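Student: Have a look at the structure that comes next, please.
The values are calculated or read from the model by the stated rules, or taken from the named source; none is laboratory data. Here the structure is a predicted model, which is why all the values come from computation and not from measurement. Cβ: placed from backbone, ideal geometry, glycine included. Neighbour counts: every protein chain shown.
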Amino acid sequence: MAGRRFIVEADGGSRGNPGPAGYGAVVRDGDTGQIIAEDAEFIGHATNNVAEYKGLIAGLKAARKIDPDASVDVRMDSKLVVEQMSGRWKIKHPDMQPLAAEARTILPRGQVKYTWIPRERNKDADRLANEAMDAGKAGRAWEPKARAVPAAPAAPVAEPPLEKAAPKAGWAAPADLGTPTTFVLLRHGETALTPEKRFSGSGGSDPELSEKGRWQAERAAEALVARGSIQAVVSSPMLRTRQTAETVATRLGLEVRYEEGLREVDFGDWEGLTFAEVQERHPEDLSAWLGSAKAKPTGSSESFTTLTHRAGVARDKILARYPGKTVLVVSHVSPIKTLVRLALGAPPDSLYRMELSAASLCAVQYYADGNASLRLLNDTGHLR
């Protein structure tokens, strides 16, 4: 089931710029416009821009706490923050770079869009920022005030036109977006568990590549050397992905960088079992897991919702490190499917409608405006 729709309004202020500063943020229900969460804080001596970024971070965290699957429309009267977070303006100031990086890790990139609004339409966030600065001046922490709750839901908030609509990736994408960052997504080669279709996540035995898996890694390496465009290699730290990535990287003359967020999901008590065995031993848990991205395998601490967040964070870290580059990303079935799903803006249950063979290749391009384009899915031509 798709997540809810939220509107986050955020603002920050500084009395002196720089001077005593604070931020405010509200989360609204996207259908009714009613405020469902608010936050504010006095942050000491800072600039307006730093306070605005702090407000954005607080608003995104508040939305994630309510529903990590929600789609979020961030609305701010800061042209700077909106344009920088949309990828249209570069972030040059060293104080804002880490704040922008933190904001990007809170929710997956495809779930958040940014809209500029005039100051008079951002009154609630501005009010909260001033309340926080007043509290700081008085030497106390901001506390939410009791506010009247309307007897009936507020009228829906009309969607304002985007000041500059984000272009769709694909045929209509303008030519001035620059070189996209390309992820070539490689699933690891076979292990002993793969042909038997046994659950093999990050909570099990961490098997090595089988003889066939090593052969598949070599064939993938040949294909990627022939491709000739790979500029970096990033891999899950699990043994089967390390072995696959190192086989390819050696042929390419590149080093492997490991990213924890690319590891497979933890399947808990299902590790090493076939689907039929799980259905026999844990039928209710399996049914719940197939019905909701928030459900977890028996004995696991991870759902597909959890995976979506960490895979999105891993993606954004790679995008920040290798802008405009072609990066080989070596991972597992679930993280690769999740990255494809996010690129397409598809619902969580689309994961069950994708097939990824061992050592298969996918490719996704990411553009400066935040859009993505799926270029390849489950290519196994190099294994024939």
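Student: Any idea which residue in segment 25-53 is surrounded by the fewest Cβ atoms within 10 Å (Cβ to Cβ), counting only those that are small (G, A, S) and outside any loop (DSSP other than H, G, I, E, B)?
Tutor: Among them, the one singled out is G44.
Student: If G268 meets every condition in (1) surrounded by fewer than 18 Cβ atoms within 10 Å (Cβ to Cβ); (2) among the small types (G, A, S); (3) at positive phi apart from one, which number is that one?
Tutor: (1)
Student: Out of L80, L60, L99, L56, which single residue is more than 14 Å from D126 (Cα to Cα), crowded, with 24+ Cβ neighbours inside 10 Å and not assigned by TED's automatic domain parsing to the domain that holds Q365? Don't jump to the end; show me each part of the working.
Tutor: On the way: L80 fails: crowded, with 24+ Cβ neighbours inside 10 Å; L99 fails: crowded, with 24+ Cβ neighbours inside 10 Å; L56 fails: more than 14 Å from D126 (Cα to Cα).
Of the residues listed, the single one that is more than 14 Å from D126 (Cα to Cα), crowded, with 24+ Cβ neighbours inside 10 Å and not assigned by TED's automatic domain parsing to the domain that holds Q365 is L60.
Student: Show the residue pairs meeting these rules: Cβ distance below 7 Å; 6+ apart or different chains; first residue within segment 268-288 and farther than 21 Å from D206 by Cβ; second residue hydroxyl-bearing (S, T, Y) and assigned to a loop (DSSP other than H, G, I, E, B).
Tutor: Correct list of pairs: H282/T298; D285/T298.
Student: Looking at segment 204-239, which of the residues that are at pLDDT below 95 and among the charged types (D, E, K, R) is nearest to V265 (Cα to Cα)?
Tutor: Only one residue fits best here, namely D206.
Student: Also, I was wondering about something else. For a quick check of your reading of the model, give me the residue pairs whose first member lies in segment 358-384 and is at positive phi, whose second is among the β-branched types (V, I, T) and surrounded by fewer than 20 Cβ atoms within 10 Å (Cβ to Cβ), with beta-carbon atoms closer than 9 Å and at least 6 apart or on different chains.
Tutor: A359/T380
Student: Okay, moving on. With farther than 30 Å from Q231 by Cα, outside the structural domain of R64 (by TED's automatic domain parsing), surrounded by 15 or more Cβ atoms within 10 Å (Cβ to Cβ) and within 19 Å of the chain's Cα centre (by Cα) as the only criterion, which of T298, T305 stands out?
Tutor: Details: T298 fails: within 19 Å of the chain's Cα centre (by Cα).
After applying the criteria, what remains is T305.
This table checks each residue for (1) over 30 Å from A288 (Cα atoms); (2) in a strand (DSSP E or B).
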{"position": "D11", "(1), (2)": "yes, yes"}
{"position": "Y23", "(1), (2)": "yes, yes"}
{"position": "G55", "(1), (2)": "yes, no"}
{"position": "G59", "(1), (2)": "yes, no"}
{"position": "D73", "(1), (2)": "no, yes"}
{"position": "L80", "(1), (2)": "yes, no"}
{"position": "P94", "(1), (2)": "yes, no"}
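Student: Related question: Of the numbered conditions (1) modelled with pLDDT of 90 or more; (2) under 23 Å from L60 (Cα atoms); (3) of a type in the set (A, V, I, L, M, F, W, C); (4) surrounded by fewer than 20 Cβ atoms within 10 Å (Cβ to Cβ), L383 satisfies every one except a single condition; which is it?
Tutor: Single failed check for L383: (2).
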